[in-house]
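Undergrad: Here it is, the structure, as structure tokens.
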Amino acid sequence: MDKRLKEYLKDGECIRWQGSPERFELLERSYRIRVLGQWILSVLICGGTLAIYLAMDTEKNTGVIALLALVALVLIASPLVEQRNLRGQHYWITNQRVILMCRDHSFFYIPLQNVDVCKVVKNQTEWPCLAIGSAILEDVDKQLRWRACHPKVETEVKNAGDCAVGMIFYGIKNADAAMQLLQPYTQQKAA
């Protein structure tokens with residue numbers, strides 16, 4: 001067991017399921033068009049803006065040029081950073097909580113009694129993903145990777161800390177087994 005996880009677990013808390021993202025390609029399935037589109041648009045918009053700026057008859061400011069280059073670099077690098085961050089995640093379901101550990105070793109959790117809905121998301125990635133919490137279901141189809149990197153926390157609740165209202169377990173082999181562990185809690189909410 002990971003030392004950090006051992007320290008994070010509460011007294012009497014035991015692991016019932018664990019997983020982590022399976023290896024996936026940057027340009028897998030529906031992300032091929034999104035990522036390539038982002039890269040092409042970044043180059044076109046930043047390059048076009050730079051060309052217009054350089055064609056102007058005013059004195060050139062290197063700060064503007066550097067800013068445009070930085071914006072293009074960030075937009076081009078963001079899918080690579082997202083992939084790296086997802087590959088470093090780990091997931092657990094215990095007898096008390098659903099836990100996500102990010103690449104930077106920060107933790108997020110949802111108490112089992114707060115799990116109101118969960119859904120296995122297929123066809124966007126090679127491996128299924130598990131979306132947990134109704135707070136993220138609205139944007140799961142559009143922002144699956146981004147939301148998997150950024151668990152949703154209640155911004156209005158002071159001192160919410162690492163308690164989340166929604167998270168995604170990205171690209172896991174055994175998503176159905178994890179879902180079966182969570183279904184009794186979602187059924188209690190429906191009753």
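The values are calculated or read from the model by the stated rules, or taken from the named source; none is laboratory data. Keep in mind that what you see is a predicted model, and the values were worked out from it rather than measured. Here the Cβ is made from the backbone with ideal geometry for all residues, glycine too, and neighbour counts use every protein chain on show. Calculation scope for accessible area: heavy atoms of the full protein, side chains included, ligands and nucleic acids excluded. Shrake-Rupley method; radii C 1.70, N 1.55, O 1.52, S 1.80 Å.
Undergrad: Could you tell me which residue of the stretch 69-91 is farthest from Tyr170 (Cα to Cα), considering only residues that are open to solvent by less than 50 Å² (accessible area, probe 1.4 Å), hydrophobic (A, V, I, L, M, F, W, C) and in contact with a helix residue (DSSP H, G or I) (Cβ under 7 Å, 6 or more places away or on another chain)?
TA: Top of the filtered list is Ala72.
Undergrad: Kindly evaluate Leu50 against the criterion of being farther than 21 Å from Phe169 by Cβ, not in a helix (DSSP H, G or I) and not acidic (Asp, Glu).
TA: Details: farther than 21 Å from Phe169 by Cβ: yes; not in a helix (DSSP H, G or I): no; not acidic (Asp, Glu): yes.
No, not satisfied.
Undergrad: In the stretch 10-30, what residues are out of contact with any helix residue (DSSP H, G or I) (no Cβ under 8 Å at 6 or more places or on another chain), in a loop (DSSP other than H, G, I, E, B) and under 23 Å from Asn85 (Cβ atoms)?
TA: Within the stretch 10-30, Ser20, Glu22, Glu25, Glu28, Arg29, Ser30 meet the criteria.
Undergrad: Select from the stretch 26-47 the residues that are under 15 Å from Asn123 (Cβ atoms) and of a type outside the set (A, V, I, L, M) and write down the one among them that is surrounded by the most Cβ atoms within 10 Å (Cβ to Cβ).
TA: Keep residues of the stretch 26-47 that are under 15 Å from Asn123 (Cβ atoms), which gives 28-34.
Narrowing further to those that are of a type outside the set (A, V, I, L, M): 28-32, 34.
Working: Glu28: 16, Arg29: 13, Ser30: 13, Tyr31: 20, Arg32: 12, Arg34: 14.
Only one residue tops the list, namely Tyr31.
Undergrad: In this structure, does Val98 turn out to be touching a strand residue (DSSP E or B) at 6+ places or on another chain (Cβ under 8 Å), under 22 Å from Gln124 (Cβ atoms) and either at pLDDT below 95 or open to solvent by less than 40 Å² (accessible area, probe 1.4 Å) (or both)?
TA: yes
Undergrad: Checking Pro21 against (1) open to solvent by 40 Å² or more (accessible area, probe 1.4 Å); (2) within 30 Å of Phe107 (Cα to Cα), which test does it fail?
TA: The failed condition is (1).
Undergrad: Go over the candidates Leu80, Leu44, Leu5, Leu26 one by one and state the one that is without any contact (Cβ under 8 Å) to a residue 40 or more places away in the chain and of a type outside the set (Val, Ile, Thr).
TA: Just a single option satisfies the conditions, and that option is Leu44.
Undergrad: Let me ask something else. From Asp57, Asp116, Asp104, grab the single residue that is over 30 Å from Asp162 (Cα atoms), open to solvent by 30 Å² or more (accessible area, probe 1.4 Å) and charged (D, E, K, R). Working first, answer last.
TA: Values: Asp116 fails: over 30 Å from Asp162 (Cα atoms); Asp104 fails: over 30 Å from Asp162 (Cα atoms).
Step by step, each of Asp57, Asp116, Asp104 is checked, and only Asp57 is over 30 Å from Asp162 (Cα atoms), open to solvent by 30 Å² or more (accessible area, probe 1.4 Å) and charged (D, E, K, R).
Undergrad: When the stretch 66-115 is examined, which residues are found to be polar (S, T, N, Q) and in a helix (DSSP H, G or I)?
TA: Within the stretch 66-115, Ser78, Gln83, Asn85, Gln113, Asn114 meet the criteria.
Undergrad: Within the stretch 117-138, is even one residue farther than 10 Å from Phe169 by Cα, in contact with a Ser or Thr (Cβ under 6 Å, 6 or more places away or on another chain), of a type in the set (A, V, I, L, M) and not in a strand (DSSP E or B)?
TA: There is at least one residue in the stretch 117-138 that is farther than 10 Å from Phe169 by Cα, in contact with a Ser or Thr (Cβ under 6 Å, 6 or more places away or on another chain), of a type in the set (A, V, I, L, M) and not in a strand (DSSP E or B).
Undergrad: Taking the stretch 125-151 as the region of interest, how many residues are more than 11 Å from the chain's Cα centre (by Cα) and open to solvent by 20 Å² or more (accessible area, probe 1.4 Å)?
TA: Residues meeting the conditions: 10.
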